[in-house]
Amino acid sequence: MVESGRSRSRRILAAIGYLAAAVVAAGAGLVGCSATPESAPPPQPVSWEVGACVRQVDGPTAIPSGTNAALRVALLGRQTFEPVPCTDPRAQSKIIELGATFDPLNTAKPLDPGCPDNTDAAYRPTGALPLQKRLACVRNLKAPHPGDPGGGGGTNTIAGDCVSIVGMLDNGYEELPCDWPQGWFAQVVAVAPTTASCPARDTVSRLSYGTGGFLCLGQGHGGTIARPGDCVTELGSALAPIAHTACTTKTRKLVSLVDKGKPCPSGTKAGWSPGYDRTLCLR
């Protein structure tokens with residue numbers, strides 16, 4: 001049978017309609033099968049562990065070098081910190097090691113924090129589990145670095161650091177930046193296990209340090225500590241150690257240093273001063 005042109009046109013239009021419907025249905029099926037985007041999981045809390053970063057939450061943000069020791073302790077006690085991801089723009093320092101264990105009920109600072117020499121600060125973890133009782137040794141993400149030699153702080157006193165005497169009877173000391181405008185008493189030549197281990201050529205005084213070591217102190221580049229042969233200031237009060245000064249007809253000279261209990265050379269007079277662990281023989 002011969003199909004008319006009108007019938008053929010209706011058949012073609014119907015086929016096109018079926019094809020379009022199939023395409024739409026297929027598209028709907030694909031949309032329906034597509035994965036629904038899931039919301040991002042909440043960020044996991046950061047713990048006090050090596051590699052985490054730390055930010056300050058509360059308390060004074062800066063304590064000037066040279067601040068009275070008692071006031072410094074009080075200000076430090078008001079600071080609180082928390083660990084954060086290192087991508088956090090508020091991050092200030094990074095945990096480089098976990099140091100000495102501490103008793104959460106005892107606020108006394110450990111004599112040995114157990115941190116590397118280049119540590120800028122050590123924090124007590126806050127909000128930590130009872131088993132996490134180790135200090136967090138941190139290094140600042142940006143300068144300054146008080147833990148560097150001569151930086152004026154850090155957890156350890158190391159060779160190259162500069163110190164002033166603050167304990168007039170017990171030779172207590174505190175670190176100062178070596179560029180401190182008001183100057184400093186001595187520079188640490190070495191940290192030694194015994195006084196006999198201090199470098200004899202550069203050491204003037206040996207002060208007890210930590211849990212059994214000694215700071216070997218010398219003049220360095222700018223210390224006021226006096227060496228044998230220097231003219232010295234008078235011990236006008238117990239508040240300022242004897243220091244080297246320009247020689248005049250009225251100044252005395254430091255002839256030698258002798259261990260306590262031993263006599264000074266003939267013609268000299270024994271003297272004492274904070275900051276020195278031996279008797280000063282003066283003329």
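Placing pseudo-labels 7 Å out from each Cα toward the beta carbon at T249 and D170 gives an inter-label distance of 4.6 nm.
For region 45-147, the convex hull drawn through the C-alpha positions has a volume of 107 cubic angstrom per residue. Start at zero, step by 10 Å, and the Cα-Cα distances of region 48-108 spread as 19, 40, 37, 4 percent across the bins. Summarising the amide proton neighbourhood of G99: residues at separation of 5 or more, or on other chains, whose placed amide H is nearer than 5 Å comprise L135, A136, C137.
When only alpha carbons of region 129-281 are considered, Rg and Dmax amount to 17.3, 67 Å. Using θ = phi - 60° in the Karplus curve 6.51 cos²θ - 1.76 cosθ + 1.60, the 3J(HN,Hα) couplings for region 158-165 round to 10, 4, x, 6, 10, 9, 10, 8 Hz; x is entered for Gly and Pro. Amide H contacts of S93 (H built 1.01 Å from N, in plane; Pro and chain starts excluded): V54, L141 sit under 5 Å, all sequence-distant by 5 or more or on other chains.
Tell me, S197, S273 in order of fewest to most beta-carbon neighbours within 10 Å?
S197, S273
Bear in mind that the values in this text are calculations on the coordinates, not laboratory data. Just so it is clear, the model here is predicted, and its values are computed rather than measured. Every residue, glycine as well, gets a Cβ built from its backbone with ideal geometry; the counts of neighbours run over all protein chains shown.
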